[in-house]
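Remarks on the structure that follows.
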Amino acid sequence: MADAFFTCRKNVLLAKSTSTQIEGVFAATRGSSVPEEQEALLQQWLEEGAGNLPAGESVPAVGKVTVTLTSDWVEGSELLMTSLSDLNSAPEVTQCTGQQLTELRGLASSEPQDDAVTELAKLPAEETVAVAGSASWAAVVPQTDHQIAGCAAINVEVQNEDPAVLAWSLACDAEAVPTEPPAWPIQDTVQFCPLPTEVPYHEILWRDWEDLSVQPCVLEQVSKNTPLFEFRVMSYNILAQDLVEQGLELYLHCHPDILNWNYRLPNLLQEIQHWDPDVLCLQEVQENHYWEQLEPMFKEMGFACFYKRRTGTKTDGCAVCYKHSRFQLISLSPIEYFRPGLDVLNRDNVGLVLLLQPLLPEGLDLKAVSPLCVANTHVLFNPRRGDIKLAQMALLLAEIDKIAKTAEGSYYPIILCGDLNSVPDSPLYKFIRNGELSYHGMPAWKVSGQEDFSQQLYSRKLLTPLWPSSLGVTDNCQYVTLCQPKKPGRRKYSRDFLLQFRFCDVACERPPQLVLLEGVTDAKPVAPAGEHPPSAVTAVLNTASFSSFLGKQWLFMCRFSGVIQHGLNLTSAYSHFLPQKGRPEVTTMPMGLGATVDYIFYSAEPVENGNRGGECRRLYKDGALKLLGRLSLLSEDVLLLANGLPNPFCSSDHLCLLASFGLEISSL
């Protein structure tokens, strides 16, 4: 009510006075509820306005004062990137007190100047707030489905800007909301509890764009006049509404209104629309929200969309969307990590792998650009089950290996996005980035690095092999059927033929690299009575056959080495550290503790002799896929100033990741 009365008074004075400072005075005093200060300011403004009136002009009877709101502002506000004062404005038509009515009549008693009327007439009258000059007046607040208040001050200079930028500009004018609700003049109306805040969220949560195109490798391409196919990739865990309602204890710091899906959805859509990615990878996408709201809206934005719901009874999943004007789908491969009967793969997480063909603009008919493999996943959260996380990641990498591998045996450029529920420099992170991990005997909780359970008396340990051979995935994270293609004309041997070599001296020798496991690899096979190994002559005659058989046996026994590998050469688009602040980057803030669990990995070229100081950390340089820029992340202390995540400005408990890439365009 106070906001509505304040806005009406301000516009009356704006129409009466030519002072350019009156807008600033109002902005500085917005939210003040002390009657003495209000009366003093009103008296001062009345004197200034009366002093500016031309002599001899009569005072007309003012019927109403109209305040116009541009359609651009209304559109931006409907996207809910609003200030907190909009949440606290009364949505219904209310009635002012007698004292306020008297003050309004006093303000309207003199005629506005011609130039002020001219300026107001220039504004498009699309939405109005009318103040009647009768005994009882009403402030008619524009209504939307999300209760957007229309009583905020409008800066004429930013009317025609982008809605997202305009909404953030409006947020600059929002001052502190009083922690105690003002007296409510009408008992029957619903009173909104104000949200306590002392800071403009858009300033605290401001994220800079880091231009990385000045890197030497990119400058070299520019110097050679090599064109690049540039595109943006966003990875975003948007927080499924069902998960919010199932875990409200995680969001006790949030006002209930900002957890409502009708508030969160427009905020999320505006953020995506503002950054305008060409490829969008989403996690925690609720199924009914996707089909009923998100997919139709994304299609209007020019996206082609694909969705994979989690298995079992889960209601959320992953989605990958791309601009159909920039990419064309070559292949799509959804992944389900659940495998019945396997304890290491008994969870319902999923992933998506797409192979996309970039579409070059007209005029580049004799040019070509490589296909791009895009993968998106949401790995298990449970910090104690690192064995499951590793197995899920191995399945995803095996699928990427299948989709991204070329006929020559190399790989197309790869981008891997997702919420991996693992912190930087954890074993899982190092496995993805360095391409190798020795896991045998490692505590399962240590894999993700989310929490420290070292003080517990018992903890699950990872044993070899991590998954059974029946899964069909090797320790190189490749499908067995693909990593050993059959050669034409290869001989096949019967089972009986191969069994005669099982007790040969060579077959009974224990390989030196074989891990000693009691009861598994420590016993030497002994031929049963009456069965003798083949003679030396037979063995010599069948050396080639036996070598082939023994190679398969050694391949199987190498699975007991406790090492998993992959050859995709992936590195992170983010550094996970803010050098200017000396603090680590944060992508989520569960229970008030900041952590990085969301990533954008991309394929690069390893640097020779790239290990520094004996550390097993592989160094990379950009290859055909180049990192051109990224949206900076925030630190934990900054998010604490904004009351953590979610907040009125960010409607998920994760921050979005955004990176710009360039693919080399070559001649045919």
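The values are calculated or read from the model by the stated rules, or taken from the named source; none is laboratory data. Predicted model, so just to flag it, every value in this text is computed and none were measured. Virtual Cβ from ideal backbone geometry, glycine too; neighbours counted across all protein chains shown. Ligands, DNA and RNA are excluded from the accessible area calculation, which covers all protein heavy atoms including side chains. Shrake-Rupley method; radii C 1.70, N 1.55, O 1.52, S 1.80 Å.
Selection of the stretch 435-475 for residues being among the polar types (S, T, N, Q) and surrounded by fewer than 20 Cβ atoms within 10 Å (Cβ to Cβ) yields Ser438, Ser454, Gln455, Gln456, Ser459, Thr464, Ser469, Ser470. A count restricted to the stretch 358-388 and to residues that are in contact with a strand residue (DSSP E or B) (Cβ under 6 Å, 6 or more places away or on another chain), farther than 30 Å from Thr226 by Cβ and in a loop (DSSP other than H, G, I, E, B) stands at 0. What number of residues in the stretch 396-410 are within 23 Å of the chain's Cα centre (by Cα) and surrounded by fewer than 24 Cβ atoms within 10 Å (Cβ to Cβ)? The qualifying residues number 1. Checked against the criteria, Tyr322 counts as hydroxyl-bearing (Ser, Thr, Tyr) and open to solvent by 10 Å² or more (accessible area, probe 1.4 Å). With respect to the conditions (1) touching a strand residue (DSSP E or B) at 6+ places or on another chain (Cβ under 8 Å); (2) farther than 20 Å from Leu243 by Cβ; (3) not β-branched (Val, Ile, Thr), Gln286 falls short on a single one, namely (2).
Would you point out the residue of the stretch 576-616, among those that are at pLDDT 95 or above and of a type in the set (S, T, N, Q), that is farthest from Asn434 (Cα to Cα)? Restricting to residues being at pLDDT 95 or above and of a type in the set (S, T, N, Q), the top hit is Thr588. With respect to the stated conditions, Pro590 is closer than 30 Å to His255 by Cα and surrounded by fewer than 22 Cβ atoms within 10 Å (Cβ to Cβ).
Residue by residue through the stretch 236-269, note down the ones that are among the acidic types (Asp, Glu), farther than 23 Å from Leu280 by Cα and in contact (Cβ under 8 Å) with a residue 24 or more places away in the chain.
Of the stretch 236-269, the ones among the acidic types (Asp, Glu) are 242, 245, 249, 257.
Add one more test, that the residue is farther than 23 Å from Leu280 by Cα, and what stays is 245, 249, 257.
Matches in the stretch 236-269: Asp257 only.
Of the residues making up the stretch 389-420, those that are in contact with a strand residue (DSSP E or B) (Cβ under 7 Å, 6 or more places away or on another chain), more than 17 Å from Ser448 (Cβ to Cβ) and assigned to a helix (DSSP H, G or I) are Ala398, Glu399, Ile400, Lys402, Ile403, Ala404.
Table: residues versus (1) open to solvent by 50 Å² or more (accessible area, probe 1.4 Å); (2) of a type outside the set (Val, Ile, Thr).
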position	(1), (2)
Leu252	yes, yes
Trp275	no, yes
Leu294	no, yes
Leu329	yes, yes
Ile335	no, no
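Residues in the stretch 448-471 that are among the small types (Gly, Ala, Ser), closer than 28 Å to Ile403 by Cβ and modelled with pLDDT under 95: Ser469, Ser470. Kindly indicate the residue of the stretch 620-648 that is hydroxyl-bearing (Ser, Thr, Tyr) and part of a loop (DSSP other than H, G, I, E, B) and also surrounded by the fewest Cβ atoms within 10 Å (Cβ to Cβ) among those meeting that condition. Applying the filter and picking the extreme gives Ser632. Does Gly351 qualify as being in contact with an Asp or Glu (Cβ under 9 Å, 6 or more places away or on another chain) and within 30 Å of Leu463 (Cβ to Cβ)? So Gly351 fits the description; yes.
Scan the stretch 394-424 for residues that are acidic (Asp, Glu) and either farther than 26 Å from Asp653 by Cα or touching a helix residue (DSSP H, G or I) at 6+ places or on another chain (Cβ under 9 Å) (or both) and jot them down. Step through it out loud before you land on a result.
Our first condition is that a residue be acidic (Asp, Glu); within the stretch 394-424, this holds for 399, 401, 408, 419.
Scanning the stretch 394-424 gives Glu399, Asp401, Glu408.
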